[in-house]
Amino acid sequence: MVFSKHILQMKRYFLFVVLLLIGAQNHAQRGQLIAYVDMDYILENVPEYTKAQNTLDAKVDKWKKKIDQETREIEILKSDLANEKAILTQDLIEEKEEEILIRQEKLRRLESLYFGPDGDLFKIRQQLVKPIQDQVYNAIQSIVKRKKYDFVFEKSSDLILLYSNKKYDISELVLVTIDRTRLAEQKKQELERKKAIAKVPQLKKPNPIQEKIIAQKEEAKTKLEEANEAKKEEADKKAKDKEAKKKAIAKKRAELLKKRAEQRKILREKKEAQRKKKEAEKKKKEEEQKKKQEEQKKKNNNNN
């Protein structure tokens with residue numbers, strides 16, 4: 001999971017801070033009170049954590065799909081160039097190579113933007129996890145002050161617990177404290193909302209004519225939104241059609257270049273065959289003429 005590394009950091013952070021705070025409250029007059037928490041269990045049962053994790057996972061999946069799509073498109077461009085290189089002019093080859101380099105640079109910037117050291121993943125993770133850290137830390141601090149614990153350990157931290165008695169597990173108490181705090185905050189917000197509503201003067205119920213006017217305005221607003229949506233869809237469709245047309249032209253151009261190259265090849269082969277045929281005929285004639293000359297010379301010698 002994308003939070004796994006951050007969870008470990010949270011565990012160490014809680015262990016260090018809680019031990020530091022509790023150590024200052026330790027009194028020699030009484031026996032030390034020790035408790036432990038299961039951070040994995042607590043986080044799994046904090047709704048905000050599950051929501052934050054799902055939100056981040058969804059964003060990461062979306063980013064990965066975008067990067068994979070861009071990578072596939074670059075590979076297609078490379079493959080097309082490799083297949084068409086023999087029939088393309090040097091200018092076209094350089095143009096396509098430049099396009100590939102631009103797309104590769106865009107891909108690197110995209111990866112850095114999403115998954116770099118200061119990328120969106122790091123920033124959003126910080127934004128989502130910080131409130132959860134505060135909730136759990138405040139709950140543990142509240143329990144420590146109330147129960148006067150001297151030490152609170154994290155069960156699955158780097159400290160090795162060879163044995164743990166369940167009665168010292170305050171994980172449920174931490175969750176209850178978080179729920180109680182959340183409920184109190186919700187009640188406070190609800191009370192503030194009711195007070196705000198009470199301060200707003202009550203409007204008189206509109207008469208039939210006013211209701212009709214309001215309904216007409218709402219209908220006009222709805223139609224305008226639908227028209228804008230239709231325009232947006234039409235614009236998207238035109239953009240897609242334009243892109244498809246552009247690709248079709250490029251494909252047709254590549255096919256035409258390929259066809260011309262094949263025709264030139266056939267013409268070259270035909271000319272070469274004719275040249276060879278002429279040379280063969282010329283050679284044959286020269287041999288026949290030479291043969292006739294030798295026969296004539298032989299005949300003349302016999303006559304003499």
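A short reminder: the numbers here are calculations on the coordinates, not readings from a lab. For clarity, every value in this text was computed on a predicted model and none was experimentally measured. Using ideal geometry, Cβ is built from the backbone for each residue, glycine included, and neighbour counts are taken over all protein chains shown.
Here is how the numbers come out for the structure above:
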| quantity | calculated |
| --- | --- |
| Surrounding net charge for Glu229, when Lys and Arg each add one and Asp and Glu each subtract one, Cβ distance under 11 Å | -2 |
| Whole-Hz couplings from phi, Karplus 6.51/-1.76/1.60, listed for region 99-106; x for Gly and Pro | 4, 5, 4, 5, 5, 5, 5, 4 |
| Sequence-distant residues sharing a close amide H with Ala35 (under 5 Å, placed H) | Phe151, Val152, Phe153 |
| Highest to lowest packing among 139-149, 83-93, scored as the average C-beta count within 10 Å | 139-149, 83-93 |
| Karplus-derived 3J(HN,Hα), 6.51/-1.76/1.60, for each residue of region 176-186, Hz, glycine and proline x | 4, 5, 4, 5, 5, 5, 4, 5, 5, 5, 5 |
| Per-residue HN-Hα couplings for region 258-275 [Karplus 6.51, -1.76, 1.60; θ = phi - 60°; Hz; x = Gly/Pro] | 5, 5, 5, 5, 5, 5, 4, 5, 4, 5, 4, 5, 5, 4, 5, 5, 5, 4 |
| Sites Ser79 and Leu256 - FRET efficiency at Förster radius 22 Å, r taken between beta-carbons, to 0.05 | 0.65 |
| Net lengthening on full extension, Ala239/Glu98 (0.36 nm per residue, minus Cα-Cα) | 48.4 nm |
| All lysines inside 24 Å of Lys259 as judged from Cα atoms, apart from same-chain residues fewer than 8 positions distant | Lys78, Lys85, Lys96, Lys245, Lys246, Lys247, Lys251, Lys270, Lys271 |
| Potential extension, Lys51-Lys290 segment - 0.36 nm per residue separation minus Cα distance | 76.0 nm |
| Net charge over other residues, Cβ less than 13 angstrom from the Cβ of Asp179 (K, R count +1; D, E count -1) | 0 |
| Summed residue charge, Cβ within 12 Å of Lys64's Cβ, Lys/Arg positive, Asp/Glu negative | -1 |
